[in-house]
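The values are calculated or read from the model by the stated rules, or taken from the named source; none is laboratory data. It should be emphasised that the depicted structure is a prediction, and the values quoted were computed from it without experimental measurement. Please note: Cβ atoms are built from the backbone with ideal geometry, for glycine as well, and neighbour counts cover all protein chains shown. Note: areas computed on protein heavy atoms with side chains; ligands, DNA, RNA excluded. Shrake-Rupley method; radii C 1.70, N 1.55, O 1.52, S 1.80 Å.
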Amino acid sequence: MGIIGVKYLGHSSFLLNVGSKKILTDPYFSSTPLGTKKRLVPCAVDVFNLPKIDTILVSHEHMDSCDADSINYLCNRYDCSVISHESVLNKLSISAQNKISIDEFDTKKMDDIEITAYPAHHPSSFYPLSFLIKEKGGKSVFFAGDTFMTNEHDLIKPTVAILPIGGKRTMDISSAVRVSKKMAPEYLIPMHYNTFDDIKVNANLLKYKLEDTRYPIKTVILNPGQLFKI
């Protein structure tokens with residue numbers, strides 16, 4: 001079994017090392033305010049300083065998950081592929097060969113990994129998705145994207161679950177605890193919190209709610225720029 005690396009860049013952006021692939025999730029490098037919402041915590045890495053990326057996963061079309069300018073730049077620089085719903089891919093100015101359209105419950109095989117799309121419940125989005133990334137040794141990472149709790153969370157049993165906890169437009173800490181108990185991952189990593197005023201939460205409450213329970217889930221709270229390996 002290989003080593004999985006999870007580097008938190010900020011908000012919902014992670015740089016994942018799974019199998020032989022470097023995968024970027026929900027790119028959001030811009031510090032431009034989203035309407036009236038000012039970004040409080042900048043991305044830990046400048047887009048121009050990223051290492052070579054093989055694949056970009058985009059869960060949905062909103063700017064804080066689909067920084068189109070950065071995606072276009074990375075694809076032109078590294079010839080990386082973008083896996084997302086067709087409605088998202090149509091917004092990108094990249095070569096058709098770099099666009100990999102995926103729908104709910106589809107699986108794409110890329111060398112030694114498989115990426116399966118699952119439904120996400122994010123009512124303000126057209127076609128939101130979550131992703132399960134699995135390496136051939138059996139380890140897997142579930143990237144939830146922006147979502148509330150769904151029935152599909154009963155089906156997914158990942159090694160690492162990356163879940164939003166900020167509330168408002170996604171599940172909150174209590175919902176993330178419930179979802180993690182359904183999935184029973186070895187490791188739980190929170191995301192999509194503290195970037196804006198209206199999603200400020202204390203992530204340590206997530207760890208507190210899971211400690212001393214019958215669920216052997218290790219909560220890993222990463223600061224932007226921090227790397228976790230399993």
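Rolling a 1.4 Å probe over the protein heavy atoms gives the chain an accessible area of 43 Å² per residue. Surface listing: Thr147, Thr36 arranged by accessible area from highest to lowest gives Thr36, Thr147, probe 1.4 Å.
Using a 1.4 Å probe over the heavy atoms of the protein chains, calculate the carbon and sulfur portion of the accessible area of the chain as a whole percent.
Whole-percent figure for carbon plus sulfur exposure: 47.
Using the structure shown, list the pairs from Lys108/Lys200; Lys52/Lys136; Lys37/Lys209 with a Cα-Cα distance above 31 Å, or answer none. From Lys108/Lys200; Lys52/Lys136; Lys37/Lys209, over 31 Å: Lys108/Lys200. A simple count of charges around Leu155, restricted to other residues whose Cβ falls under 13 Å of its Cβ and scoring Lys, Arg +1 and Asp, Glu -1, yields -1.
Placing a pseudo-label 7 Å from each Cα along the Cα-to-Cβ vector at Asn223 and Asp154 gives an inter-label distance of 4.1 nm. Beta bridges per DSSP, both residues in segment 1-113: antiparallel share near 55 percent.
Ordered by 1.4 Å accessible area with all protein chains kept, Tyr73, Tyr193, Tyr208, Tyr28 run largest first as Tyr208, Tyr73, Tyr193, Tyr28.
Against the set [x] 13.8; [y] 22.0; [z] 11.2, the structure's computed mean projected area of the Cα convex hull in nm² falls on [z].
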